[in-house]
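Okay, structure first, notes after.
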Amino acid sequence: MLLSFMACKKDKSGNEEQNKVVAVLAGAQLTMFLKDDNSLWVTGRNREGQLGNGTTTDLTKPALMMKDVLTMKAAEVHTMIIKNDHTLWVVGNNADGQLGDNTTQNKTIPIQIMTDVQAVDGSSNQMFILKRDKTLWANGDNYYGQLGDGTFQSTKIPKQIMTDVLAVSSAYNFTLILKTDHTLWATGNNQFGQFGDGTTINTNIPKLIMSGVKAINAGSYCSLILKNDETLWVVGLNSVGKLGDGTYTDITTPKQIMSNVAAMSSKYHHTLVLKTDHTLWAMGDNRARQLGLSDVNMINSPIKITDKVKSISAGFDHSIILKTDNSVWLTGKNDYGQQGDGTVKPVFTEFIF
């Protein structure tokens, strides 16, 4: 039940030729495509201006957002872009100062916030900026201590949090931080044990959780942890089976569920896993057919979806897959045009894999 999407361009003779998509990203209810000419294309929800085109009108077909783009991230209602010159640009909802421009005014046109940026991440009300000197900066809402600065005070401008940071991932008022020594740290809301420290106690100071970690993904009150040995570990909320351990029971201590894993993605109630053999596996909620299966049953153990996959990204209720031939495949909800097919019709009633 996956919809195939391929962006094209015309050569000097007017003939259509492939314009490769090299990176994909599923936001909450939008989709982003980075092409091989470093142009960023977007489609889907735009009610807060997060598509960066100067309007608040949703898009149902991919439109050019920005050129000279290195990488991008999408939170629930704001968007973050790093350009090739390592400048950080932001757009969308700013009610809690998450855009870092010292205001709480929404933006519909991207504005530059910082230079010398390597990576960025954010969830609904905050933003985390990893600079090339490995310092981690944060701004936005801090009610649960998710900024990790030892306070519960929000900030409308980026504030330095830690040094020697390799990666950061934030969701639902908690934050995972991977340091250069491959230790995992967590801060903020720990309501469902998503830190993996065996408790449900919140903290406003990053707490050491685990060593030997390669990559991290903060999802909806859950954490996905990829270790250096390519094993995948999960912890936190598991009510729809998105942790893939064969149960619907929450976990407060990390549990291994798979091996030979290359990457993973979870944002809301489903999880995608890319293995080192380029096979895609999925688990969790499938009521919008976001797992790409022909039924709508929840899955609490990893199930193979397709082969020859290069990268993956899970949104709220949709999934986007970049295959090794650079074709893009989508499945799940389309209520804001996030599938980019020109409609807002559910994919599973219109297209067949």
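The values are calculated or read from the model by the stated rules, or taken from the named source; none is laboratory data. Given the structure is predicted, the values throughout are model-derived calculations rather than measurements. Here the Cβ positions follow ideal geometry from the backbone for every residue, glycine too, while neighbour counts run over all protein chains shown. With ligands, DNA and RNA removed, areas are computed over all heavy atoms of the protein, side chains included. Shrake-Rupley method; radii C 1.70, N 1.55, O 1.52, S 1.80 Å.
If only one of D85, D133, D101, D121 is within 26 Å of K67 (Cα to Cα), among the acidic types (D, E) and in a strand (DSSP E or B), which one is it?
The conditions single out D121.
Exactly one condition in (1) farther than 18 Å from L166 by Cα; (2) open to solvent by less than 10 Å² (accessible area, probe 1.4 Å) is not met by L130; state its number.
It fails just one condition, (1).
Since L226 meets every condition but one in (1) open to solvent by less than 30 Å² (accessible area, probe 1.4 Å); (2) over 19 Å from F316 (Cα atoms); (3) part of a loop (DSSP other than H, G, I, E, B), which condition does it not meet?
It is condition (3) that L226 fails.
Could you look through region 258-299, keep only residues that are in contact with an Asp or Glu (Cβ under 7 Å, 6 or more places away or on another chain) and assigned to a strand (DSSP E or B), and pick out the one that is nearest to T331 (Cα to Cα)?
That would be H270.
Give T253, T343 a once-over and let me know the one that is polar (S, T, N, Q), closer than 20 Å to L237 by Cβ and over 18 Å from the mean Cα position of the chain (by Cα).
Sole residue among the options that is polar (S, T, N, Q), closer than 20 Å to L237 by Cβ and over 18 Å from the mean Cα position of the chain (by Cα): T253.
Quick check: is even one residue across region 197-217 under 27 Å from A28 (Cα atoms), among the aliphatic types (A, V, I, L, M), under 17 Å from the mean Cα position of the chain (by Cα) and modelled with pLDDT of 95 or more?
Yes, some residue in region 197-217 is under 27 Å from A28 (Cα atoms), among the aliphatic types (A, V, I, L, M), under 17 Å from the mean Cα position of the chain (by Cα) and modelled with pLDDT of 95 or more.
Looking at H86, H78, which is the one that is more than 18 Å from I312 (Cβ to Cβ), at pLDDT 95 or above and either of a type in the set (D, E, K, R) or surrounded by 23 or more Cβ atoms within 10 Å (Cβ to Cβ) (or both)?
H78
Does V234 meet the test of being of a type in the set (A, V, I, L, M, F, W, C), in a strand (DSSP E or B), over 15 Å from the mean Cα position of the chain (by Cα) and more than 30 Å from Q153 (Cβ to Cβ)?
yes
Mind checking which residues of region 237-258 are hydrophobic (A, V, I, L, M, F, W, C) and either farther than 19 Å from F195 by Cβ or open to solvent by 40 Å² or more (accessible area, probe 1.4 Å) (or both)?
Matches in region 237-258: V240, M258.
Could you please find all residues in region 142-191 being aliphatic (A, V, I, L, M) and part of a loop (DSSP other than H, G, I, E, B)?
Within region 142-191, just L147 meets the criteria.
State the number of residues belonging to region 1-47 that are over 19 Å from L59 (Cβ atoms), among the charged types (D, E, K, R) and either modelled with pLDDT of 55 or more or open to solvent by less than 30 Å² (accessible area, probe 1.4 Å) (or both).
Total meeting the criteria: 3.
Let me confirm something: among D277, D325, D307, which residue is over 19 Å from G27 (Cα atoms) and at pLDDT below 95?
D325
Specify which of the listed residues (D149, D121, D116) is modelled with pLDDT of 95 or more, of a type in the set (D, E) and surrounded by 22 or more Cβ atoms within 10 Å (Cβ to Cβ).
D121
Please state which of the following conditions P110 fails to meet, knowing it meets all the rest: (1) part of a strand (DSSP E or B); (2) within 27 Å of A263 (Cα to Cα); (3) at pLDDT 95 or above.
(2)
Determine, yes or no, whether A28 is within 24 Å of H270 (Cβ to Cβ) and not in a strand (DSSP E or B).
yes
Please go through region 194-223 and pick out each residue that is within 19 Å of N142 (Cα to Cα) and part of a loop (DSSP other than H, G, I, E, B).
Passing the criteria: Q194, F195, T200, I201, N202, G219, S220, Y221.
Of everything in region 31-62 that's assigned to a loop (DSSP other than H, G, I, E, B), of a type in the set (S, T, Y) and in contact with a strand residue (DSSP E or B) (Cβ under 9 Å, 6 or more places away or on another chain), which residue is farthest from M264 (Cα to Cα)?
Of everything passing the filter in region 31-62, T55 is farthest from M264 (Cα to Cα).
For region 182-218, how many residues are open to solvent by less than 30 Å² (accessible area, probe 1.4 Å) and touching a residue at least 60 places away in the same chain (Cβ under 8 Å)?
Qualifying residue count, region 182-218: 3.
Go through region 119-149 and give me each residue that's more than 13 Å from N173 (Cβ to Cβ), of a type outside the set (V, I, T) and in contact with a Pro (Cβ under 7 Å, 6 or more places away or on another chain).
W137, N139
Just to be sure before I move on: is T71 among the β-branched types (V, I, T), over 15 Å from the mean Cα position of the chain (by Cα) and at pLDDT 95 or above in the structure I sent?
Considered against the rule, which asks whether it is among the β-branched types (V, I, T), over 15 Å from the mean Cα position of the chain (by Cα) and at pLDDT 95 or above, T71 comes out as no.
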